[in-house]
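A short write-up of the structure that comes next.
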Amino acid sequence: MEYLKLLGILIVIIGFALKKDSILIILLAAIVTALVGGLGIEGLLNTLGESFVANRAMAIFIIIMLITGTLERNGLKESAAALISKFKNASAGAVIGAYGIMRGIFAAFNISFGGVAGFVRPIIIPMAIGTIESKGKELNEDYVDELKGMSSGMENIAWFFCQVLFVGGGGALLVQATLEDLGYKTSLIDLAKVEIPVAIFAIVVAIIYYFLKDKRLFKKYYGNGK
């Protein structure tokens with residue numbers, strides 16, 4: 001009888017082997033596992049509810065992804081590229097730098113835009129690419145790949161160094177707990193004060209680095225731009 005509890009795994013294997021609908025397969029496997037395992041429908045629903053509440057942040061991320069996908073389908077990337085194309089002297093490095101400042105400010109208040117997948121890919125990268133098209137240049141795939149990496153890097157730097165400025169945020173609490181384990185007791189306010197110059201320095205260095213790197217890459221792939 002114990003092996004019947006593994007029936008759900010068998011359903012998943014057979015379902016994927018037959019290339020059936022993945023959501024339907026997982027749902028069916030969950031129901032069967034709950035029934036043969038003695039959990040019942042009520043127990044299954046309770047478990048799903050508790051899991052949803054415990055991981056509601058992930059549910060928010062899923063909602064953001066759905067909204068982003070819908071906006072992309074309706075021309076979000078094209079609108080972002082068209083907006084930046086109006087600024088003829090704008091460069092990809094300047095776009096990425098401006099995003100770093102904005103991202104750092106909002107990260108300090110623990111406000112997330114969905115990260116690389118939810119904001120950088122559908123908005124920042126098309127804007128960076130739009131600066132190339134606004135100059136009448138053909139897109140170079142190697143250069144575009146570099147811009148993708150630079151945009152994602154700015155997102156990571158700004159979020160990593162600025163999220164700890166939010167008092168009570170996960171990053172600040174982790175630092176506080178780590179220091180306490182090492183014998184250093186400190187308040188979240190004091191941590192934020194110490195982190196402010198560090199975060200500013202990190203953002204400034206990243207902006208300068210990506211700006212200079214973009215100028216070097218643009219000259220490498222398109223010459224002096226004349």
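The values are calculated or read from the model by the stated rules, or taken from the named source; none is laboratory data. What you see is a predicted model, and the numbers here were worked out from it, not measured in a lab. As a convention, Cβ positions derive from the backbone with ideal geometry for all residues, glycine included, and neighbour counts pool all protein chains shown. All accessible areas refer to the heavy atoms of the entire protein, side chains included, with ligands and DNA or RNA removed. Shrake-Rupley method; radii C 1.70, N 1.55, O 1.52, S 1.80 Å.
Going residue by residue through the range 43-58, is there one that turns out to be modelled with pLDDT of 75 or more, under 27 Å from the mean Cα position of the chain (by Cα), assigned to a helix (DSSP H, G or I) and surrounded by 13 or more Cβ atoms within 10 Å (Cβ to Cβ)?
no
Select from the range 179-224 the residues that are basic (Lys, Arg) and part of a helix (DSSP H, G or I) and list them in ascending order.
Of the residues in the range 179-224, the ones basic (Lys, Arg) are 185, 193, 213, 215-216, 219-220.
Residues satisfying the conditions are Lys193, Lys213, Lys215, Arg216, Lys219, Lys220.
Being over 16 Å from Glu155 (Cα atoms) and surrounded by fewer than 12 Cβ atoms within 10 Å (Cβ to Cβ) is the filter here; which residues of the range 195-208 pass it?
Pro197, the sole residue that qualifies.
So which residues in the range 124-173 are among the aromatic types (Phe, Trp, Tyr), assigned to a helix (DSSP H, G or I) and over 29 Å from Lys86 (Cβ atoms)? Spell out how you get there, then give the answer.
From the range 124-173, those among the aromatic types (Phe, Trp, Tyr) are 143, 159-161, 166; that's our starting set.
Retained after the next criterion (residues that are assigned to a helix (DSSP H, G or I)): 143, 159-161.
Phe160, Phe161 - these are the residues of the range 124-173 that are among the aromatic types (Phe, Trp, Tyr), assigned to a helix (DSSP H, G or I) and over 29 Å from Lys86 (Cβ atoms).
Being open to solvent by 10 Å² or more (accessible area, probe 1.4 Å) and touching a Leu at 6+ places or on another chain (Cβ under 9 Å) is the filter here, so list the residues in the range 111-123 that pass it.
Scanning the range 111-123 gives a single hit, Ile123.
Filter the range 169-188 down to residues that are open to solvent by less than 90 Å² (accessible area, probe 1.4 Å) and more than 26 Å from the chain's Cα centre (by Cα), then give me how many there are.
Residues of the range 169-188 that are open to solvent by less than 90 Å² (accessible area, probe 1.4 Å), as a first pass: 169-173, 175-179, 183, 186-188.
Pick out the ones that are also more than 26 Å from the chain's Cα centre (by Cα) and you get 179, 183, 186-187.
Residues that pass the stated criteria total 4.
Name the residue that is nearest to Lys220 (Cα to Cα), counting only residues in the range 140-177 that are touching a Leu at 6+ places or on another chain (Cβ under 8 Å) and free of Cβ contacts under 8 Å to residues at least 60 places away in the same chain.
That would be Val164.
Give me the residue from the range 140-162 that is open to solvent by 40 Å² or more (accessible area, probe 1.4 Å), of a type outside the set (Lys, Arg) and touching a helix residue (DSSP H, G or I) at 6+ places or on another chain (Cβ under 6 Å) and, out of that set, nearest to Phe106 (Cα to Cα). Talk me through it step by step, then tell me what you get.
Residues of the range 140-162 open to solvent by 40 Å² or more (accessible area, probe 1.4 Å): 140-142, 145-146, 148-149, 156-157, 159-161.
Within this subset, residues satisfying the condition of being of a type outside the set (Lys, Arg) are 140-142, 145-146, 149, 156-157, 159-161.
Retained after the next criterion (residues that are touching a helix residue (DSSP H, G or I) at 6+ places or on another chain (Cβ under 6 Å)): 140, 146, 157, 159, 161.
On the way: Asn140: 32, Glu146: 25, Ile157: 13, Trp159: 9, Phe161: 12 Å.
Across the range 140-162, the extreme among qualifying residues is Trp159.
Run down Lys137, Lys185 and say which single residue is basic (Lys, Arg) and touching a residue at least 12 places away in the same chain (Cβ under 8 Å).
Numbers: Lys185 fails: touching a residue at least 12 places away in the same chain (Cβ under 8 Å).
So the residue among Lys137, Lys185 that is basic (Lys, Arg) and touching a residue at least 12 places away in the same chain (Cβ under 8 Å) is Lys137.
Taking only the range 101-110 into account, find how many residues are surrounded by 16 or more Cβ atoms within 10 Å (Cβ to Cβ) and not in a helix (DSSP H, G or I).
Within the range 101-110, residues that are surrounded by 16 or more Cβ atoms within 10 Å (Cβ to Cβ) and not in a helix (DSSP H, G or I) number 1.
Residue under question is Phe109, and the condition is that it be over 22 Å from Phe201 (Cβ atoms) and of a type in the set (Phe, Trp, Tyr); does it hold? Steps first, answer last, please.
Details: over 22 Å from Phe201 (Cβ atoms): no; of a type in the set (Phe, Trp, Tyr): yes.
For Phe109, the condition - over 22 Å from Phe201 (Cβ atoms) and of a type in the set (Phe, Trp, Tyr) - is not met.
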